[in-house]
Amino acid sequence: MPSVKIGAVTVGQAPRVDVTADILPLLPGVELLERGGLDGLTQEDIAAFQPEEGDYVLVSRLTDGSSVTFAEKYVLPRLQNAITELEDAGCRLILFFCTGDFPDTFQSRVPLLFPGRVLKGMAPAISSRKTAIVNPSPLQKDQSLEKWKLYLQEPVSFAVSPYEGEAGVRQCARQVAETDCDMVILDCIGYTQKMKEIFQEETGKRVILPRTLLARVAMELL
């Protein structure tokens with residue numbers, strides 16, 4: 001049978017080989033096409049997108065493996081262009097490789113699947129106490145708590161970059177282990193299956209990994 005085309009939009013640069021390494025095995029019979037909000041831009045170009053006070057902060061990966069922090073407002077038009085390109089390429093569904101919040105302004109002829117929205121629907125159903133929310137940057141702490149306090153009783157924020165190796169991830173997991181949180185949400189598409197296993201090993205708690213959750217929901221829709 002011919003493969004089904006689906007699209008993936010990252011707020012950083014495509015391809016996101018770090019993400020697809022974990023999710024492609026969960027997407028049998030699928031041809032995945034990728035586009036990014038920072039495609040074609042240099043580090044110098046992206047430096048102009050630095051967040052200021054009050055901006056919604058995003059953290060993502062570039063094709064050289066480095067990570068960047070920038071304000072969402074600068075990439076929204078570029079993300080719309082990515083959506084349109086993937087539609088024109090014949091994609092039946094478009095996944096967002098980002099758990100951040102986005103305005104309801106994107107135009108699309110096919111379904112857009114946002115892992116952040118899936119998480120916000122799922123997490124309250126399985127957590128009844130404190131939940132540890134892990135983000136890539138301390139700059140995201142306030143916006144993370146502002147978001148999650150609407151859905152969870154007692155969210156607690158932690159920060160560790162998924163793009164700077166596993167040693168920091170393990171240290172963060174040990175900090176989470178000292179809390180009375182009953183669940184951990186790795187609130188970034190950059191966290192890997194291996195990082196989930198580190199948190200499970202160090203904390204003994206339930207851990208939700210957005211990238212594999214996203215892939216499984218996609219297959220349900222397909």
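The values are calculated or read from the model by the stated rules, or taken from the named source; none is laboratory data. The shown structure was predicted, so the numbers you read here are calculated from the model rather than taken from an experiment. Using ideal geometry, Cβ is built from the backbone for each residue, glycine included, and neighbour counts are taken over all protein chains shown. These area figures cover heavy atoms from the full protein model, side chains too; ligands, DNA and RNA do not enter into them. Shrake-Rupley method; radii C 1.70, N 1.55, O 1.52, S 1.80 Å.
Considering the conditions (1) over 16 Å from the mean Cα position of the chain (by Cα); (2) under 20 Å from Val217 (Cβ atoms), Met122 is excluded by exactly one of them, (1). Which of the residues spanning region 47-71 are over 24 Å from Gly7 (Cα atoms) and open to solvent by 40 Å² or more (accessible area, probe 1.4 Å)? Within region 47-71, Ala47, Ala48, Gln50, Glu52, Glu53, Gly54, Tyr56 meet the criteria.
Considered as a group, the residues in region 81-109 that are in contact with a Leu (Cβ under 9 Å, 6 or more places away or on another chain) and assigned to a helix (DSSP H, G or I) include one that is nearest to Glu34 (Cα to Cα), and that residue is Leu86. Name the one entry in Phe96, Phe106, Phe114, Phe102 that is free of Cβ contacts under 8 Å to residues at least 40 places away in the same chain and under 16 Å from Val19 (Cα atoms). Exactly one of Phe96, Phe106, Phe114, Phe102 is free of Cβ contacts under 8 Å to residues at least 40 places away in the same chain and under 16 Å from Val19 (Cα atoms), namely Phe114.
Between Arg78, Arg117, the distinction of being in a helix (DSSP H, G or I), over 16 Å from the mean Cα position of the chain (by Cα) and surrounded by fewer than 20 Cβ atoms within 10 Å (Cβ to Cβ) belongs to Arg78 only.
Among residues of region 23-46 being assigned to a helix (DSSP H, G or I) and open to solvent by 40 Å² or more (accessible area, probe 1.4 Å), the one that is modelled with the lowest pLDDT is Gln43.
Would you point out the residue of region 135-163, among those that are assigned to a strand (DSSP E or B) and open to solvent by less than 40 Å² (accessible area, probe 1.4 Å), that is farthest from Cys188 (Cα to Cα)? Among residues in region 135-163 that are assigned to a strand (DSSP E or B) and open to solvent by less than 40 Å² (accessible area, probe 1.4 Å), the one farthest from Cys188 (Cα to Cα) is Pro155. Would you confirm whether or not region 167-181 contains a residue that is modelled with pLDDT of 95 or more, open to solvent by 30 Å² or more (accessible area, probe 1.4 Å) and acidic (Asp, Glu)? Checking region 167-181: at least one residue is modelled with pLDDT of 95 or more, open to solvent by 30 Å² or more (accessible area, probe 1.4 Å) and acidic (Asp, Glu).
For Ala14, the stated conditions do not hold, so it cannot be described as at negative phi, open to solvent by 50 Å² or more (accessible area, probe 1.4 Å) and either in contact (Cβ under 8 Å) with a residue 12 or more places away in the chain or touching a strand residue (DSSP E or B) at 6+ places or on another chain (Cβ under 9 Å) (or both).
Here region 125-134 is the region considered, the condition is being in a loop (DSSP other than H, G, I, E, B) and either open to solvent by less than 90 Å² (accessible area, probe 1.4 Å) or of a type in the set (Val, Ile, Thr) (or both), and the residue that is modelled with the lowest pLDDT is Ser128.
Six or more apart or on different chains, Cβ atoms under 6 Å: show the pairs whose first residue is in region 41-52 and among the charged types (D, E, K, R) and whose second is modelled with pLDDT of 95 or more and open to solvent by 70 Å² or more (accessible area, probe 1.4 Å). Pairs found: none. Would you confirm whether any residue within region 198-217 is in a loop (DSSP other than H, G, I, E, B) and either more than 26 Å from Asp64 (Cα to Cα) or open to solvent by 50 Å² or more (accessible area, probe 1.4 Å) (or both)? Checked against the condition, which is being in a loop (DSSP other than H, G, I, E, B) and either more than 26 Å from Asp64 (Cα to Cα) or open to solvent by 50 Å² or more (accessible area, probe 1.4 Å) (or both), region 198-217 yields at least one hit.
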